[in-house]
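Enquirer: So that we are looking at the same thing, I have put the structure below in structure tokens.
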Amino acid sequence: MPATIRDVPALPSGSTRIRPLEAAARVIMLALVAVLTVIATHDARQLGWIGLLAVAALPAFVARNHPVLAPAGRFAEVIVTGLAAGFVAHAAKGVAQGFGAEAILPYLAVPLLTAALRRRPTEGTALLGVAAVAIVLGGAVTDPKTVLAGTGYLAAGGQWLVLGAIVTFAAEAMRQFLQPAEITPQPYAEATRLLTQLRSVARSLPGATLDPGGISEHLLEELRAVAPGHRAAVLSASGGGRLVVLAQTGAERVDWETTLDADSAIADAWATQQPHVASRSQARTHRGGEVSSLVIPLVAGVRTIGLVILETDASGAYPSAVVQGVTEVTDPAALRLEAALLFDDVRSLATNEERQRLAREIHDGVAQELVMVGYGIDNAQATLPEGAEETAEELRALRGEVTRVITELRLSLFELRSEVDRNGGLAAAIAEYARTLGTSAGLRVHFTFDESTARLPAATEAELLRIAQEAITNARKHAGASNLWVTCTVDPPYAEIEVSDDGKGFADNRPDGRYGLTIMAERAERIRGRLKITPRHPSGTTVAVVLGTPPRRDSVRDSVSAPEGE
């Protein structure tokens, strides 16, 4: 099992850590009632009650959060205070009619205020009832004729019970009154404020970028100067209990362990939020031999947002001093990466919502109107008089053009609504799109897929899908091809999508094609990829987008290569 470098034990719910202010308040109140008691009674023996109060207050010092001992201590304080009031009033010298109880009754405020501050009104009510019974019992036990029957004793007891009730029931109301009201903004107003701040912050960042891949690569560059490593990677969550590789460096491409339910330092570091060192590789395809692995969780607040993996082909390469140096670099980087990932999510949500909105508007607007135009042409053809062959031919040509535009619109709607399923993967999304468009154009589509079980970041997969869609659409609309070859190779962080046709080639003088090329180039640049457009021998065009560098493998994965419909 991997060794844990850092282990911070959680504090138990009944923590014994003393709060200085709370302890000082109790000590001061005990000292005050002790002085008042001696002044009122001139009898040092009455200080025994102060000693009993100190014993009753012990749970407040040593078990202030205990669900049983802490309330029991507060009830003990109330009982001792009530009983002591009768004895102090009876022993008071020169204080008429039982007013001597005023010397010790102020201590009632301590347990009652503690219950109120802990927001326990039921306990406070019970404490008041017990206090009243204890005061009456204290007066009855000492001398019911002179103490309990005296108006001074009852007045003193009633006064402090009333003050205790105010403390119990008014503390929460006073706290809410003194605390400034929090203004709860409307959801859209709050969203506008946050997005405005995000835009300002993004513009002020170095390079004005919030790209998770770029931030991850910069983090790996920083770590090179801190810790040894032949291989390194930054991983983040992708949903479904799996991780995706944001950036990676190393002499060889490695197939990192990306499942969080495996027995690995990766899973342990993610779950415990602590650095883990292991003497085995975190790659599933490692050849063996001596190795040291260091997995550092990237924690922002209380949430694990990613992991940094460092590996070197030597044993004992990551002692505690090295781990500390690495965490000093990764701790501030976690916040930067979280901001980039959140921005990526917001951008993806906004983009998807806008695509869905455009699809709805096109379907409910232009598409429906074109259908009505087609119906109008059909009606016009049906009502033509005999002999109007020339007009009928023009209407048939117009009807065919409307049908073609409607078909193009439907395919555009399909493109807008196409997304990468988090379960199906990028290859499945590209295949579905190619099949649909190939069928509509009478193209024979050939697929070759080589997709790893690991996944690319969601935003990267979305951009690759759009590039593939644009390339397939161009081949269908303009190439005049009979065959379409689609190759999808994914081995994160490497990926390559290639679309080839046997048509007439790419025409430089076609404005819409040049615009589509610009869009594909911009998308490739956004994910730090490379777009290549080359002629295909003997005819046609090949469009390829490459992300990263290809892995070196000892064996070839199983792939699928089959024509459409087979």
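The values are calculated or read from the model by the stated rules, or taken from the named source; none is laboratory data. Predicted, not measured: the structure shown is a model, and the values here were computed from it. Cβ atoms come from the backbone with ideal geometry, glycine included; neighbour counts cover every protein chain shown. Calculation scope for accessible area: heavy atoms of the full protein, side chains included, ligands and nucleic acids excluded. Shrake-Rupley method; radii C 1.70, N 1.55, O 1.52, S 1.80 Å.
Enquirer: Which of the listed residues, Tyr318, Ala300, Ile362, is farthest toward the dipole's positive end in segment 296-416, when Lys, Arg count +1 and Asp, Glu count -1 at the beta-carbon?
Expert: So the residue furthest toward the plus end is Tyr318.
Enquirer: Hey, with R₀ at 56 Å, roughly what FRET efficiency would Gln381 and Arg528 work out to, going by the Cβ-Cβ distance, to 0.05?
Expert: Computed FRET efficiency for Gln381 and Arg528: 0.55.
Enquirer: Accessible surface of Ile79 in the full protein assembly, 1.4 angstrom probe, to the nearest 10 Å²?
Expert: 70 Å²
Enquirer: Using a cut-off of 14 Å between beta-carbons, work out the net charge of the residues near Pro71 (Lys and Arg +1, Asp and Glu -1, Pro71 not included).
Expert: +3
Enquirer: While we're on this one: Calculate, in nm to one decimal, what Ala428 and Thr403 gain on full extension: separation in residues at 0.36 nm each, minus their alpha carbon distance.
Expert: The span from Ala428 to Thr403 would gain 6.1 nm if fully extended.
Enquirer: Could you rank the peptides 466-475, 441-450, 340-349 by their average count of other C-beta atoms within 10 Å per residue, with the highest value first?
Expert: 466-475, 441-450, 340-349
Enquirer: Residue farthest toward the positive end of the dipole of segment 264-385, with Cβ of Lys/Arg at +1 and Asp/Glu at -1: which of Ala265, Leu342, Met372?
Expert: Of the options given, the answer is Ala265.
Enquirer: Could I ask something else about it? Near the amide H of Gly540, under 5 Å away, which other amide H atoms are found, from residues 5 or more places off or on another chain, if H is placed in the peptide plane?
Expert: Gly503, Gly505
Enquirer: Using the per-residue mean of other Cβ atoms lying within 10 Å as a proxy for protection, in what order, highest first, do the peptides 320-332, 453-465 fall?
Expert: Taking the mean over residues of other Cβ atoms within 10 Å, the ranking is 453-465, 320-332.
Enquirer: For segment 20-75 and segment 324-402, compute the distance between their C-alpha centroids and round to whole Å.
Expert: One Cα centre to the other: 76 Å.
Enquirer: Once the convex hull of the alpha carbons of segment 282-424 is built, what does its volume come to per residue, in cubic angstrom?
Expert: In segment 282-424, the Cα convex hull volume per residue is 178 Å³.
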